[in-house]
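Have a look at the structure below before the remarks.
Derivation of every value follows stated rules applied to the coordinates shown; laboratory data play no part. Just so you know, these numbers come straight off a predicted model, no measurement behind them. Every residue, glycine as well, gets a Cβ built from its backbone with ideal geometry; the counts of neighbours run over all protein chains shown.
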Amino acid sequence: MKTYSLRTILVVLGALTLQGCSTTAEPTKIEREILLKSSQSWDNSPYMRYLDATPELTVLKLKIPANTQLPWHIHPIPNAGYVLSGELIIESRDNGQTTRVKQGEAVAEMVDIAHRGVTGDEPVELIVFYAGSEGIPLSE
C-alpha cells in the first residue's frame with residue numbers, strides 16, 4: 001500500500017478546488033428568502049438615522065403565554081420580529097392602530113412610539129432582532 005504525504009494530499013485537493021471539482025457528490029443548494037426589508041415600521045413611521053456609536057446586535061427568543069397583554073413600551077432602536085408560532089396583535093397607544101402577525105411572518109417594529117403586543121388563546125414564540133449600540137436599552 002502506497003502512502004502519500006500530507007503535502008501531496010493538500011496539493012491534489014487544492015488542484016481539484018481550482019478546477020471547480022467538488023469532493024462531495026452534490027453541491028449544496030442554499031435557499032434564500034427575504035422575510036423583511038424595510039426603512040419604516042409596520043405603521044409606516046420612517047426609521048431615522050443611527051447614532052454615531054459602535055453597533056451592537058441582539059437577538060432574543062421570546063415565549064409569551066396565551067391571553068397576555070404586554071405592558072406599553074417603546075424601543076429606542078430599530079428591531080424586527082419573526083413569529084415562530086402563534087399569533088400576535090401589536091397595537092399603538094397613540095392612535096389605536098393595530099397589526100396582526102402570524103406564524104411565519106416578520107414585522108418591522110415601531111421606534112420611539114408606545115405600543116404593546118397582545119396574544120390570543122395560543123402562546124406566541126418569536127425571535128426579535130435588535131440593531132442598537134452598546135449601552136442603549138432594547139426597550140423602555
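State the volume of the convex hull built on the alpha-carbon positions of segment 53-103, expressed per residue in Å³ and rounded to an integer.
In segment 53-103, the Cα hull volume divided by residue count equals 105 Å³.
Near residue 71, within a Cβ-to-Cβ distance under 12 Å, what is the net charge of the other residues, with Lys and Arg +1 and Asp and Glu -1?
Value of the local net charge: +1.
Can you compute log10 of I(q)/I(0) for segment 88-132 with the Debye formula, treating each Cα as one identical point scatterer, at q = 0.16 Å⁻¹?
-0.46
State log₁₀ I(q)/I(0) for segment 37-127 at q = 0.23 Å⁻¹ as given by the Debye formula over alpha-carbon point scatterers of equal weight, solvent excluded.
Each listed q corresponds, in turn, to -1.26.
May I ask you to list the trypsin sites (Lys or Arg not before Pro) in segment 38-140 that are in a DSSP loop and have at most 10 other Cβ atoms within 10 Å of their Cβ?
In loop regions of segment 38-140 (DSSP not H, G, I, E or B), the sparsely surrounded trypsin sites (Lys or Arg not before Pro) are 49.
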